[in-house]
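S.K.: Pasting a structure here, questions to come.
Rule-based calculations on the coordinates, nothing more; no lab input. In this text the structure is predicted, and so the values were computed from the model without any measurement. Here the Cβ positions follow ideal geometry from the backbone for every residue, glycine too, while neighbour counts run over all protein chains shown.
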Amino acid sequence: MTTSYTDYSRNMMMDGDIRMPGKDKLLQATEDRTDSGLDSLREEDYNNMLKDMQNLSIPMEQNIQDYEPEAWKMQANEDGDTLLHLAIIHEDKELAVEVIKRSYRDAFYLNRQNNLHQTPLHLAIITDQPEIAATLFEAGCDPEVRDYRGNTALHIACEKGSLHGVGVVVQNCKTRLSPLLQYTNYNGHTCLHLASSNGFLAIVEDLIRLGADINAQEPCNGRTALHMAVDKQNEALMFLLLKYGADVNRVTYQGYSACQLTWGRSNLQIQQHLLALTETSLQYLPESEDEDSSESESEADDEYMYDDVCISLCPRMV
């Protein structure tokens, strides 16, 4: 059986269609994955997994040394999705809650990752089910686990612009929030970078108030959120960042301030505002040595050309 699968980063797979979890309609291919292999588990296998759960008792305590997962917890489809992954993807809230209840404090199962390194918490945020995410937190899931792009659940919520997703993570991770705000994904982006790049101002403000480093720089090129505001020509984001003390004189690894990046862009209000706040030496683009060199070479070529013409016209000058 040939089936179209997509990942939640909306990368198009096989036939280019994306199937939304729990839905029967196909959407045009976009950027983020919302499906982790919905059709790869046969209905018969799915029903068998449900039967295995029946009449099971919920252990009050688990001794890690003696722990042996129940048979149904070891089952997964070809995409690595367990029964809990699938229940969340299919938005079967009743089943998801029951599975979580039967996995209370079972870190192995609650944090189990599929082939894309997605945990049930990742999928709960992706599918906008904050109540399932809250239940996972109550059962003891780990919010610091990363998916194949290096994203925690909080990264995903910020990238999606999910206020509910951000809220449920923040409320349940108060003692672990500081490292979550500092973590970068495999592209070097913090949660603040993702929210800023996508223009989610309410989330940007919340993250800053919670302690996110407003001047954090991408490891690849050294851009801050303020540089991103200029790149995106997002005037409202610029004013918000400046309100909370963004450093206008912070430069990228190539040595460019946010103000210098405004040259050649259309929004003059952004440029004029940053010009008034930025140090003089960082207001204008530096003269390019390459341009000076090319101009000198051009002038030299002109001189050689002039000499050649003169020689051809006046051989006696040689």
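S.K.: Enumerate the calculated ³J(HN,Hα) couplings along the stretch 79-96 in order (Karplus 6.51 cos²θ - 1.76 cosθ + 1.60, θ = phi - 60°), each rounded to whole Hz, writing x wherever the residue is Gly or Pro.
M.R.: Here the 3J(HN,Hα) series is 8, x, 7, 8, 4, 5, 3, 5, 4, 6, 4, 7, 6, 8, 5, 4, 5, 4 Hz.
S.K.: Determine the gain in length on full extension of the stretch residue 117-residue 201; use 0.36 nm per residue of separation and subtract their C-alpha separation, reporting nm with one decimal.
M.R.: Result for the pair: 27.4 nm of gain on full extension.
S.K.: I'd like the GluC sites (Glu not before Pro) in the stretch 192-280 restricted to DSSP loop residues with at most 14 other Cβ atoms within 10 Å, sorted by number. Mind showing how you got there, number by number?
M.R.: Values: sites: 205, 235, 279; in loops: 279.
Filter output for the stretch 192-280: 279.
S.K.: Right, here's the next one. Taking amide H positions as placed in the peptide plane 1.01 Å from N, state which residues far from residue 92 in sequence (5 or more) or on other chains have amide H under 5 Å from it.
M.R.: For residue 92, no residues qualify.
S.K.: Moving to a separate point now. Students often check this: by mean Cβ neighbours within 10 Å, which of 175-186, 115-126, 156-167, 137-148 ranks highest, and how do the rest follow?
M.R.: The densest-packed peptide leads the list: 115-126, 156-167, 137-148, 175-186.
S.K.: Next question. What are the ³J(HN,Hα) couplings of the stretch 261-275, residue after residue, when phi is run through the Karplus curve with 6.51, -1.76, 1.60 and θ = phi - 60°? Round to Hz, x for glycine and proline.
M.R.: Couplings: 6, 7, 5, x, 9, 7, 7, 6, 5, 4, 4, 4, 5, 6, 4 Hz.
S.K.: How large is ³J(HN,Hα) for each residue in the stretch 102-115, as worked out from phi by the Karplus curve 6.51 cos²θ - 1.76 cosθ + 1.60 (θ = phi - 60°), to whole Hz, x for Gly and Pro?
M.R.: 3J(HN,Hα) across the stretch 102-115, in whole Hz: 7, 10, 4, 6, 8, 4, 4, 7, 4, 9, 5, 9, 7, 5.
S.K.: Could you pull out every residue, at least 5 positions away or on a different chain, whose amide H is within less than 5 Å of the one on residue 81? Hs are placed 1.01 Å off N in the peptide plane, and Pro or chain starts have none.
M.R.: Amide H neighbours of residue 81: 115.
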